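The structure appears below as structure tokens.
The values are calculated or read from the model by the stated rules, or taken from the named source; none is laboratory data. Just so it is clear, the model here is predicted, and its values are computed rather than measured. Cβ sites come from the backbone with ideal geometry, for glycine too, and all protein chains shown count toward neighbours. Each accessible area value is taken on the protein alone, full model and side chains, heavy atoms only, with ligands, DNA and RNA left out. Shrake-Rupley method; radii C 1.70, N 1.55, O 1.52, S 1.80 Å.
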Amino acid sequence: MRDGVITEADTCREFVTPRLVEAGWGAAPHAIGEQRSFTNGRIIVAGGKVRRGKQKRADYLLYYRRDYPLAVVEAKEIGLPVETGVQQAREYAEILGLMFAYATNGHRIIEIDYAAGTEREVDRYATPDELFARLTDAAHLPKEAASHLLEPFNLASGKVPRYYQQIAIHRVLEAILLGQKRILATLATGTGKTCVAFQICWKLWSSRWNRTGEYRRPKILFLADRNILVDDPMAKMFAPFGDARHKIAGGDVSQSRDMYFGIYQALSTASTDVFRQYRPNFFDLIIIDECHRGSSRDESAWRAVLDYFAPAVQFGMTATPLREESRDSYEYFGNPVYTYSLRQGIEDGFLAPYRVHRVITTVDAAGWRPSKDEVDRYGREVPDEEYQTKDFERVVALRARTRAMARHLTDFLNGTDRFAKTLVFCVDQEHAAEMRQELVNLNSDLVKQYPDYVCRVTADEGAIGLTHLAHFQDVDKPAPVILTTSQLLTTGVDAEMVKNVVLARVVGSRAEFKQIVGRGTRLKVDYGKEYFNIIDFTGTATRHFADPDFDGEPARIEEVTVDESGEQVSVTETEPDTPPEAQPVEYEVPEEQIGPDAGGVLINEPPPEPRKFYIDGGEVEVIGHLVYDLDTDGKKLQVVKYTEYSGRAVRTLYPTREALQSAWADPDTRSEVLRELTERGISFEELAASSDQPDADPFDLLCHLAWNAPLLTRRQRAEAARRRAQDLFGQYGDTAREILSLLLERYVERGILQFGALSELMKVQPFDRYGSPAEIATRHFGGVRGMKDAVSRLQTALYQ
């Protein structure tokens, strides 16, 4: 109770909880979850600082079993109408995938039943058995389904599935129990598809579900197209299956296990179809990871495996929403039973936000054309054509361009963190090798100490490459720091500490691009990984982000221009409403782009049928650097300058200067103004630095940026306030006037005065010499209320 008013917490404790217990929710195996946060709060980067946005938190979650929530309850304090909580109860139920929700003010209860499509006032909460019966009846689930649905999760790892993972698990299980033969779930890269697959398998295996209804454990096959996608889950996530696990490889077709792992290539080799050594009805469930990569195409050789095991339930997992490149998956499996997007993962704070750096070289800006009769590394004449970004390293290989990329990346790491784990995606294995060599030479000081500082990991490296990858994934190993690759690491690499994803090749496929972005979206906050960079040398990122269907676009663009020596010349900011390639941009390109620089490349015999022309000479420079930031809404925003963005944000919130002044002058509403500005990424420290106005009052700075109002310094405002508040100073004694004067001086030094922080302020010099905060209030202001009133009037005087 606060000031004689019953609060929401009082309402819950005295009225809501007892009635939930009365309905049976407090008795095992049922449970009441109070104040349950189900999101982490979006990570917001503002003013160079990282903070979390507000978490979503349910007042109550009602569990039929430990891992099976049935309803959400939204409680409001007893003095508010019960209808006040209905919208939030609905919102949370829909996010959590629940069929039932309640809104209450302690006395009245409104029940929302999505299964029946009703919303009505009731006199009590439904019992656990009543709600579960309604749920199973609405879903037409057979009675025997309950044991499979309610089988507990395996929590041996200590990780409880997140809310969206629980929804995916339960939706897939319901589809299986309803007899659906092909099932699809779409979850963004980094959101834990393997965890979803494991818990589904565990629940079905532990509850002895199978297609035939016999009393036996199911036979399950986890299928993918790369060894790394099956080896890692088998060894780690699926470890609780123990000896029940078996990998089908090298012709080893043991049939005595329950949990099988395999890749298509091992099941169907050039010489024999290994999979035919199993009966068509051997498996009860087949899980196809990354199913968008061809397994469902009619003409795919891998499709033969799925067709052969047609009696099994087939569950496909993908990170790719429906587009042309994933259409086969959707036609084969049907619409997904659940979708969790990249945008939602970032919004919930489970995935790292990112910056996209668009780096432009001279040849990518203006193209490259050989000089008359120019020959390549092997003496072959280069066709006289205009070569663009899409041709580099495919038709013509410019070593100088690779060197410029490597130099820019090295400079970037030097300016940020030289031990930030970095993946560089190159055109092919040959390009990855050249990129590695350039990076080694540019970072020789660290390579001396860490010989594996830069490594290439492609199919050619085999076991050595996998060792490099394992060390790269290990958060406690300092090296390798940079891995160059082409295709091998685009998917299935769980490296939480990747802070930089570098695109040195064009990625045309939206599916592949999202997989590559996913290499960096995993969070590792305790190791300082809270966001990551995408460094794009080819325009891939900006092109994909310009697509309105993309569900995680960045927004702020910072353009950095550098001179020939690589020194920064200027910084401006622009808006990415269309990709930079589509905007009319003029670049100054040096007249002589080709020079006699061999670059120290080892000369080899030319391949018998060369795939491309190799140009070792010439000079290529970086002439532009664009940086996109995600804003707090996950949408593009124009930041021609940070100050201009801030001014627009203020005008969006407060159409007139008078509206802002009214909200700002009242200390009770100013905190809401500050919260709204912070959530839009506005930092007063950064604003003052960006506008070169370190002494400006925050309110005046906002008005100046939004409406071009005159600027006052904090000193000027403090002096004006002292004149306006003479009557305020006059009604107190000498000590109280001294304290108020000191508060004005503290405002001049630091800015905004907030009464909420006053008690802490009074504990430090010079205020502590007047006594404790309570003593100051009692002796000199007639109590806490009197002191609060004095400070409030002082703040009002500041902004009259």
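Overview of results
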| item | result |
| --- | --- |
| Selection count, region 96-140, where residues are assigned to a strand (DSSP E or B), open to solvent by less than 30 Å² (accessible area, probe 1.4 Å) and not acidic (D, E) | 9 |
| From E151, E130, residue being in contact (Cβ under 8 Å) with a residue 12 or more places away in the chain and more than 30 Å from F513 (Cβ to Cβ) | E151 |
| Condition check for Y64: among the aromatic types (F, W, Y), surrounded by 14 or more Cβ atoms within 10 Å (Cβ to Cβ) and closer than 20 Å to I6 by Cα | no |
| Pair list, Cβ under 7 Å, 6 or more apart: region 520-536 residue open to solvent by less than 50 Å² (accessible area, probe 1.4 Å), other residue among the polar types (S, T, N, Q) | T521/T189; F532/N500; N533/N500; I535/N500; D536/T542 |
| Residue tally, condition part of a helix (DSSP H, G or I) and open to solvent by less than 10 Å² (accessible area, probe 1.4 Å), over region 348-386 | 3 |
| Considering residues of region 18-41 that are out of contact with any strand residue (DSSP E or B) (no Cβ under 7 Å at 6 or more places or on another chain) and within 19 Å of D123 (Cα to Cα) only, the residue surrounded by the most Cβ atoms within 10 Å (Cβ to Cβ) | A23 |
| Selection count, region 397-448, where residues are hydroxyl-bearing (S, T, Y) and part of a loop (DSSP other than H, G, I, E, B) | 1 |
| Count of residues meeting criterion [in a helix (DSSP H, G or I) and among the small types (G, A, S)] in region 696-742 | 7 |
| Residue selected from region 18-74 under the condition among the small types (G, A, S) and part of a strand (DSSP E or B), by the criterion nearest to P353 (Cα to Cα) | A46 |
| Considering residues of region 256-268 that are at pLDDT below 90 and more than 35 Å from the chain's Cα centre (by Cα) only, the residue surrounded by the most Cβ atoms within 10 Å (Cβ to Cβ) | L267 |
| Candidate set: region 161-193, residues that are open to solvent by 40 Å² or more (accessible area, probe 1.4 Å) and touching a residue at least 12 places away in the same chain (Cβ under 8 Å); chosen: the one nearest to K236 (Cα to Cα) | R162 |
| Criterion (modelled with pLDDT under 85, more than 23 Å from N441 (Cβ to Cβ), surrounded by 19 or more Cβ atoms within 10 Å (Cβ to Cβ) and small (G, A, S)) met by exactly one of G508, G539 | G539 |
| Residue count for region 233-252, restricted to those that are crowded, with 17+ Cβ neighbours inside 10 Å and at pLDDT below 90 | 1 |
| Odd one out for G79, checked against (1) part of a loop (DSSP other than H, G, I, E, B); (2) closer than 28 Å to Q344 by Cβ | (2) |
| Selection count where residues are at pLDDT 80 or above, over 21 Å from S254 (Cβ atoms) and not in a loop (DSSP other than H, G, I, E, B), scope region 307-329 | 7 |
| Every residue from region 672-717 that is touching a Phe, Trp or Tyr at 6+ places or on another chain (Cβ under 6 Å) and in contact (Cβ under 8 Å) with a residue 60 or more places away in the chain | F699 |
| Leading residue by the ranking (surrounded by the most Cβ atoms within 10 Å (Cβ to Cβ)) among those in region 449-468 that are among the hydrophobic types (A, V, I, L, M, F, W, C) and not in a helix (DSSP H, G or I) | V454 |
| Scope region 216-228; condition open to solvent by less than 10 Å² (accessible area, probe 1.4 Å) and under 28 Å from the mean Cα position of the chain (by Cα); matching residues | F222, L223, A224 |
| Residue in region 750-772 that is least open to solvent (accessible area, probe 1.4 Å), counting only those that are modelled with pLDDT of 80 or more and assigned to a helix (DSSP H, G or I) | Y770 |
